[in-house]
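Read the structure below first, then the notes.
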């Protein structure tokens, strides 16, 4: 049974307290929080002040996905803001092993995020050090994109690597997840589903989360 992580990027920011309450009352285990800097990706989202406020509104896991350059400059601040999991992009880190060590030293679980064009074999030397791999199934930067079908092959390849090297690693799929493709994503080996528009544009988000949880 997969962990469900609604992406607050798709929420109504004028009703953020209500959106947080909805997730709290649902079967979703995590809040997925996308931080964008306008440099690593061509968009700007939200940052530390918003995450600090979300932390006060929930006891659930805050899964923070940094789509930013030089994440090492901000890791400590995100730990203080209340992040439980901090994921950095392999494409943004010159010294990825050092980044992962820093995140662990700050008391958070460490994730590495991978863009659609990045091959799985580049994770071989880091997989034993991380807690989560966030496989981007769309090009990062904007919500509402369609799932890239080739991601299913990458999930299966990553699942094999994890089974061999570090079975405790979560495989998180981020982008275009919906009720129609969730079963195939889980069957390929994913353990965490990030869902944005699928949840927040639903007429009944709590029921949609429940449906995803049953898959």
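The set of residues in segment 103-126 that are under 22 Å from residue 61 (Cα atoms) and crowded, with 17+ Cβ neighbours inside 10 Å comprises 103, 108, 109, 110, 111, 112, 113, 114.
All told, residue 176 meets the bar of being buried (at least 23 other Cβ atoms within 10 Å of the Cβ) and either modelled with pLDDT of 95 or more or out of contact with any helix residue (DSSP H, G or I) (no Cβ under 8 Å at 6 or more places or on another chain) (or both).
With 51, 120, 68 as the choices, which residue is under 20 Å from residue 170 (Cα atoms) and without any contact (Cβ under 8 Å) to a residue 60 or more places away in the chain?
Numbers: 51 fails: under 20 Å from residue 170 (Cα atoms); 68 fails: under 20 Å from residue 170 (Cα atoms).
Unique residue meeting the criteria: 120.
Out of all the residues in segment 97-148, which are touching a strand residue (DSSP E or B) at 6+ places or on another chain (Cβ under 8 Å) and at positive phi? 141, the sole residue that qualifies. Taking the residues in segment 92-106 that are under 17 Å from residue 67 (Cα atoms) and either at pLDDT below 95 or not in a helix (DSSP H, G or I) (or both) as candidates, determine which candidate is nearest to the chain's Cα centre (by Cα). Selected residue: 93.
The values are calculated or read from the model by the stated rules, or taken from the named source; none is laboratory data. All values derive from a computational prediction rather than experimental measurement. Virtual Cβ from ideal backbone geometry, glycine too; neighbours counted across all protein chains shown.
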